[in-house]
Amino acid sequence: MNMEQKQSIFSKLKAGLQKTRVTSRLGALFSRPLGDDFFEELEEALIMADVGIAASESIIEELKAALKKDDSQDAAREALCSILAERMRPETAFLAENQTAAIMIVGVNGVGKTTAIGKLAHYYSQRGRGVLLAAADTFRAAAAEQLSVWAQRAGVPIVKHGEGADPAAVVFDATQSAKAKNIGLLICDTAGRLHNKRNLMMELEKMGRVLAREYPDAVKETLLVLDATTGQNGIAQARAFAESVPLSGIILTKLDGTAKGGIIVAIKSELGLPVRFVGVGEGLDDLQEFDPEAFCKALLERE
Ligand SMILES: Nc1nc2c(ncn2[C@@H]2O[C@H](COP(=O)(O)OP(=O)(O)O)[C@@H](O)[C@H]2O)c(=O)[nH]1
Ligand SMILES: [Mg+2]
């Protein structure tokens, strides 16, 4: 990504985060003296940003301890930034370069799975990786068509079957096509049928077995897509999916429309799941590999 693209994503993230009162409050708080009122209001602002009650309390404690030596406002802003970043940071990197990989994208309807896959395809193909999409959401009629549009935009091939087809058969064909074309990154769309957990689990397990058998050298990642605007409800969704599927991380979408980015802290501390990518709009370029420092900076920006 060039500097200009980075800037534009950062400003979109910032603009989104600033849309609500919560964030302007977070930023504005730091122009006041750091008394009891400050810490109380900060804790409230964190809770409103969906950080979670327990996590917010312990962040405040950590912040107070960090400010024993220097309790200027700038020190407080910086300390809070690094405390939050530390709690959001994934422990490992996502996908080693040139590693063959299969990413399954799961999540309930409307959170932004298909859009995220289009953006991911673009993201990786711009970085020189061969990408193939598998339209394994065969449940909804329009799903494969929608993914085809994204494949075209990103300039990557797609494998799809008709409506109602077996998703595992789509994945099977995709693995054969990926091998024939020597493509190293397979991204699979899935239907978001959380209301039928047993079906969902069986469907995803079957896809997983096909991948293990037909694409054995690949690392398998299962990313859950969550809509940031749904707030704490996202935690409940993550919990429900984690019970059915082994998840390896989160894509948090629609951060351009909310300041509720605190959910990243909550997901990491309550479920141990790292956020890997954030979506900041509906365009091809509106996906960013999650960078905790940049994110916290945008969250705590003055103005
Ligand atoms: N503003 C915004 N809209 C998004 C983002 N990601 C997805 N959307 C929109 O959310 C809606 C549902 O997206 P879709 O990919 O079809 O969700 P799916 O049902 O999970 O596959 C569409 O209107 C998308 O344009 C995002 O990061 N920001
Ligand atoms: Mg979809």
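Structural remarks
- Rounded to the nearest 10 Å², the accessible area of Ile235 at probe 1.4 Å: 10 Å²
- Among residues other than Pro274 with Cβ under 9 Å from its Cβ, the summed charge is +2 (Lys and Arg +1, Asp and Glu -1).
- Accessible area of the chain belonging to carbon and sulfur atoms, whole % at 1.4 Å probe: 50 percent
- GNM result for the chain, Cα springs below 10 Å: residue of Thr230, Thr100, Thr92 fluctuating most strongly: Thr92
- Protection proxy ranking, peptides 145-156, 67-78, 244-255, average beta carbon neighbours within 10 Å, highest first: 244-255, 145-156, 67-78
- Accessible area per residue for the chain, computed on protein heavy atoms with a 1.4 Å probe, is 44 Å².
- With pairing defined as another cysteine C-beta under 4.7 Å, the cysteines of the chain that fail it are Cys188.
The values are calculated or read from the model by the stated rules, or taken from the named source; none is laboratory data. What you see is a predicted model; the values in this text were computed from it and never measured. No Cβ is skipped: glycine too gets one built from the backbone with ideal geometry, and neighbour counts run over all protein chains shown. Note: accessible area is taken over every heavy atom of the protein model, side chains too, but ligands, DNA and RNA are not part of it. Shrake-Rupley method; radii C 1.70, N 1.55, O 1.52, S 1.80 Å.
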